[in-house]
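Asker: Here you go, one structure.
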Amino acid sequence: VTRNPDAKVLGAGVISFVASLGDKIIPILDECGLYPIEAEKWYNQQTVLDAYKKINDENFMNLVAVGMSMPDQVPWPPDIESVHDALASIGVAYQMNHQGDNLGGYHYKKTGERTGIMMCDNPYPSDFDYGLIYRVVQKFRDTDFHTVKLDPDKESRKRGGDSCTYIISW
């Protein structure tokens with residue numbers, strides 16, 4: 001559930017649904033009042049979260065796919081020179097593509113030369129966040145190998161918590 005009923009999401013992010021899942025997702029978007037999507041229009045975040053819920057009910061891997069398409073669909077901060085920069089920029093991109101107060105976010109901390117942690121306290125599903133983080137590392141890394149995993153020692157939205165923390169290495 002969104003923390004702010006007046007929060008808005010830029011349509012460019014909603015387009016990631018179609019970019020990742022194709023035309024099969026259009027009936028869900030239409031049912032939620034999100035179709036046709038306009039990239040520059042602002043949509044109610046709770047309506048978008050309702051669409052995520054319906055997509056998740058069909059198959060959680062769909063949310064991973066939507067998250068993975070996001071970095072290629074939405075406005076992103078420029079001048080990214082490293083994976084650490086890219087991961088830190090997720091929080092900036094989130095703020096660029098949302099309007100409202102008390103939105104939560106993405107909070108990155110570098111823990112080593114090729115490691116870090118991302119705490120996500122936004123209202124989006126964990127599987128979406130996983131896909132987003134995975135794709136950002138994939139897009140900006142300089143190696144073929146990387147991992148993103150949910151920290152089992154921290155709270156998780158999958159287990160009723162308010163946030164998720166991911167351990168990232170490349």
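Asker: For L49, indicate whether it is touching a residue at least 60 places away in the same chain (Cβ under 8 Å), out of contact with any helix residue (DSSP H, G or I) (no Cβ under 9 Å at 6 or more places or on another chain) and either open to solvent by less than 80 Å² (accessible area, probe 1.4 Å) or more than 27 Å from K8 (Cβ to Cβ) (or both).
Answerer: yes
Asker: State which residue pairs qualify: first residue over 14 Å from G22 (Cβ atoms) and inside region 57-75, second residue part of a loop (DSSP other than H, G, I, E, B) and open to solvent by less than 30 Å² (accessible area, probe 1.4 Å) in any location, beta carbons under 8 Å apart, and separation of 6 or more residues or different chains.
Answerer: As it stands, the answer is V74/N97; P75/N97, since those pairs meet every condition given.
Asker: Could you list, in sequence order, all residues of region 53-95 that are among the hydroxyl-bearing types (S, T, Y) and more than 13 Å from the chain's Cα centre (by Cα)?
Answerer: S82 - this is the single residue of region 53-95 that is among the hydroxyl-bearing types (S, T, Y) and more than 13 Å from the chain's Cα centre (by Cα).
Asker: Another one. Where residues in region 87-125 are touching a residue at least 40 places away in the same chain (Cβ under 8 Å) and of a type in the set (D, E, K, R), which of them is nearest to D151 (Cα to Cα)?
Answerer: Ranking the qualifying residues of region 87-125, first place goes to D121.
Asker: Considering only region 1-78, give the helices (runs of 4 or more DSSP H) lying wholly within it that have at least 1 residues that are closer than 20 Å to N122 by Cα and not polar (S, T, N, Q).
Answerer: So the answer is 11-21, 45-58, 60-69.
Asker: Please verify whether K24 is under 19 Å from N97 (Cα atoms) and of a type in the set (D, E, K, R), treating the condition exactly as stated.
Answerer: So K24 does not fit the description; no.
Asker: For region 102-149, enumerate the residues that are over 15 Å from the mean Cα position of the chain (by Cα) and of a type in the set (F, W, Y).
Answerer: F140, F145 - these are the residues of region 102-149 that are over 15 Å from the mean Cα position of the chain (by Cα) and of a type in the set (F, W, Y).
Asker: A follow-up question, please. Might you check whether a residue that is touching a Phe, Trp or Tyr at 6+ places or on another chain (Cβ under 6 Å) and of a type in the set (A, V, I, L, M, F, W, C) occurs anywhere in region 106-119?
Answerer: yes
Asker: May I pose another question? Filter region 134-170 for residues that are among the aromatic types (F, W, Y) and part of a loop (DSSP other than H, G, I, E, B); which is surrounded by the most Cβ atoms within 10 Å (Cβ to Cβ)?
Answerer: W170
Asker: State all residues of region 20-31 that are within 18 Å of F60 (Cβ to Cβ) and open to solvent by 10 Å² or more (accessible area, probe 1.4 Å); if no residue qualifies, say none.
Answerer: If the condition is that a residue be within 18 Å of F60 (Cβ to Cβ) and open to solvent by 10 Å² or more (accessible area, probe 1.4 Å), then S20, L21, G22, K24, I28 are the ones that fit.
Asker: Which of the residues spanning region 113-133 are assigned to a loop (DSSP other than H, G, I, E, B) and open to solvent by less than 50 Å² (accessible area, probe 1.4 Å)?
Answerer: D121, N122, P123, Y124, P125, listed by residue number.
The values are calculated or read from the model by the stated rules, or taken from the named source; none is laboratory data. Quantities reported herein were computed from a predicted structural model and do not represent experimental measurements. All Cβ positions, even for glycine, are placed from backbone atoms using ideal geometry, and neighbour counts span all protein chains on display. Accessible surface areas use protein heavy atoms only, side chains included; no ligands, DNA or RNA. Shrake-Rupley method; radii C 1.70, N 1.55, O 1.52, S 1.80 Å.
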